[in-house]
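Before any comments, here is the structure.
A short reminder: the numbers here are calculations on the coordinates, not readings from a lab. What you see is a predicted model, and the numbers here were worked out from it, not measured in a lab. All Cβ positions, glycine included, derive from the backbone under ideal geometry; neighbour counts span all protein chains shown.
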Amino acid sequence: MSNVRAIAAQTLFQVVDKGVSLSTQLPIAAKLVAPKDKALLQNICYGVLRYLPSLEHYCQKLLEQPLKGKNRVFQFLLYVGIYQLQHMRVPSHAAVAETVNALAELRAPGLKGLINAILRNFQRQQAELEASANEIPVCKYNHPSWFIKAVQAGYPESWESLLEANQQQAPMWLRVNKRQNSTEHYADQLSEQAIGFSQDERFVDGLLLNAPCDVDKLPNFSVGACSVQDAAAQLAARLLAPENGERVLDACAAPGGKTCHLLELADCDVVAIDADEIRLQRVEDNLARLSLSAHCLQGDASQPDDWWDGEQFDRILLDVPCSATGVIRRHPDIKWLRRASDIEDLALIQRKILNNIWPLLKAGGTLLYATCSVLPAENRNQVAAFLAEHTDAQLVPLHSEDTETTPGMQLLPGTTDGFYYAKLFKKN
Ligand SMILES: C[S@@+](CC[C@H](N)C(=O)[O-])C[C@H]1O[C@@H](n2cnc3c(N)ncnc32)[C@H](O)[C@@H]1O
């Protein structure tokens with residue numbers, strides 16, 4: 001099979017209806033298309049997931065009955081076609097023709113008339129269909145209702161721009177490996193290769209590429225000169241600020257972006273734990289590419305008795321499992337795979353990990369709590385509750401409004417991904 005639209009429709013069916021994550025399904029799908037079509041496949045899948053509610057709304061208006069059961073994949077093919085007509089710079093006759101052509105590969109030539117008619121009707125009625133979608137918040141903002149309500153409550157002034165930022169394509173940031181290069185030196189190497197970038201003084205190890213590019217094109221990537229890591233994630237190691245000779249725990253480490261950054265900044269002894277053995281292998285792979293080493297252990301951070309050797313740590317990074325609602329623009333499937341009830345479950349796990357890891361920190365030591373979530377329940381509320389219950393924990397303010405009642409630093413998606421950090425000091 002090699003028709004991009006047919007494969008996109010099947011991929012979207014697997015993600016939306018079967019609950020498989022896009023990061024699992026897309027690499028499988030990409031093997032089925034010609035190399036030149038991989039970017040198009042990715043664009044279509046990301047785009048449909050970004051605009052799913054409005055696409056559903058248009059089809060609801062245009063179809064007498066939704067396509068169900070064994071015909072369900074054709075419903076997704078319609079989303080693929082309409083997405084191209086509405087958002088991509090594909091000439092409309094080509095978008096319609098290519099979408100209809102996908103039916104041959106999906107072995108449903110009998111549906112050509114229907115798919116063609118719906119796409120043509122969308123073109124004819126586009127303005128009214130868009131106006132009617134804009135009257136329904138879920139379709140206007142293309143986010144689930146529970147999430148819209150949660151960000152409205154958390155950010156009464158900026159919720160709309162947050163939702164808008166989630167609909168954009170994420171930028172590509174590099175983290176320069178300080179063991180091999182200064183940021184300036186690596187910037188020169190990018191310029192020599194005519195790779196455009198900019199810098200932001202808040203992110204001392206970071207370079208923001210003007211356009212995403214294949215890592216094979218980056219100078220000395222394979223030998224560890226740099227890594228791909230969002231600038232917000234690059235703050236973790238800088239905020240924890242490990243020093244030479246210290247013992248550092250990275251308790252939720254995979255795939256190891258922050259573990260490696262810690263080791264790039266200091267000659268410290270890092271123990272990297274992750275519950276997922278397969279993901280832990282990616283930590284090992286990243287360490288190898290960067291010529292770094294850490295003690296990698298499979299383990300549950302909420303049950304340190306199973307893996308801890310009893311020696312306390314000078315610094316701990318706790319990049320806990322979270323809703324990942326700060327990285328929706330990189331993983332638009334999160335909007336449809338996460339449920340409101342997940343947030344409460346995740347908050348309980350985070351609480352358990354934080355409570356059970358705290359005793360592993362030396363008095364005088366520092367713990368950095370981190371999530372890639374924008375939801376206060378996983379962030380400031382979690383840390384405020386922890387501070388209220390632990391008299392030996394002291395907040396280290398990261399900015400002027402970082403206080404015990406509204407602790408931490410929340411970054412919202414924009415220049416960087418959405419991230420949260422709170423720094424805690426253990427009193428003697
Ligand atoms: C946000 S990711 C960590 C990203 C990583 N710090 C990095 O920068 O590359 C969270 C990780 O926590 C792991 N995890 C989930 N539950 C855990 C638990 N109870 N104990 C340890 N790790 C856990 C997941 O497998 C996942 O790899």
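Odds and ends about this structure:
- Pair-distance profile P(r), taking every C-alpha pair of the chain, with 10 angstrom steps and integer %: 4, 20, 27, 24, 16, 7, 2, 0
- Modelled spin labels at Arg72 and Asp392, positioned 7 Å past Cα toward Cβ, are 5.2 nm from each other.
- Dimensionless Rg/Rh of region 232-426 - Kirkwood Rh, Rg from C-alpha atoms: 0.94
- Relative contact order, percent, region 293-416 [alpha-carbon distance under 8 Å, six or more residues apart]: 29
- Cβ-placed point charges (K, R +1; D, E -1), dipole of the chain about Cα centre in debye, nearest 20: 1820
- Restricting the chymotrypsin sites (Phe, Trp or Tyr not before Pro) of region 229-315 to loop positions (DSSP other than H, G, I, E, B) with no more than 14 neighbouring Cβ atoms within 10 Å leaves Trp307.
- Taking a sphere under 11 Å around the Cβ of Phe76 and counting the other residues whose Cβ falls inside, with K and R at +1 and D and E at -1, yields a net charge of 0.
- Across region 135-180 the C-alpha pair distances fall into 10 Å bins from zero in the proportions 23, 40, 16, 13, 7, 0 percent.
- Of the trypsin sites (Lys or Arg not before Pro) in region 281-341, the ones in a loop by DSSP (not H, G, I, E or B) with at most 16 other beta carbons within 10 Å are Arg339.
- For Lys362, the lysines whose Cα comes closer than 17 Å to its Cα, not counting residues fewer than 8 places off in the same chain, are Lys423, Lys426, Lys427.
- Beta bridges per DSSP with both ends in region 232-426, % antiparallel, nearest 5: 45
- Volume of the convex hull of region 173-228 (Cα atoms only), normalised per residue: 67 Å³.
- Considering region 13-129, its Cα convex hull presents a mean projected area of 7.2 nm².
- Radius of gyration and maximum dimension Dmax of region 113-202, Cα, Å: 21.9, 61
- Listed residue (Gln86, Leu218, Thr391) projecting farthest to the positive dipole end of the chain, Cβ model: Gln86
- DSSP bridge pairs, the chain: antiparallel proportion in percent, nearest 5: 55
- Residue-averaged [θ]222 nm for the chain, counting only DSSP H segments that reach four residues, each worth -39500 (n - 2.57): -13500 deg cm²/dmol
- Stretchable slack from Glu64 to Arg238, in nm (0.36 nm times residue separation minus alpha-carbon distance): 57.0 nm
- Average Cα contact separation per residue, the chain, under 8 Å, 6 or more apart, as relative contact order %: 12
- For region 294-344, alpha-carbon Rg relative to the globular expectation (2.2 N^0.38 Å, N residues): 1.59
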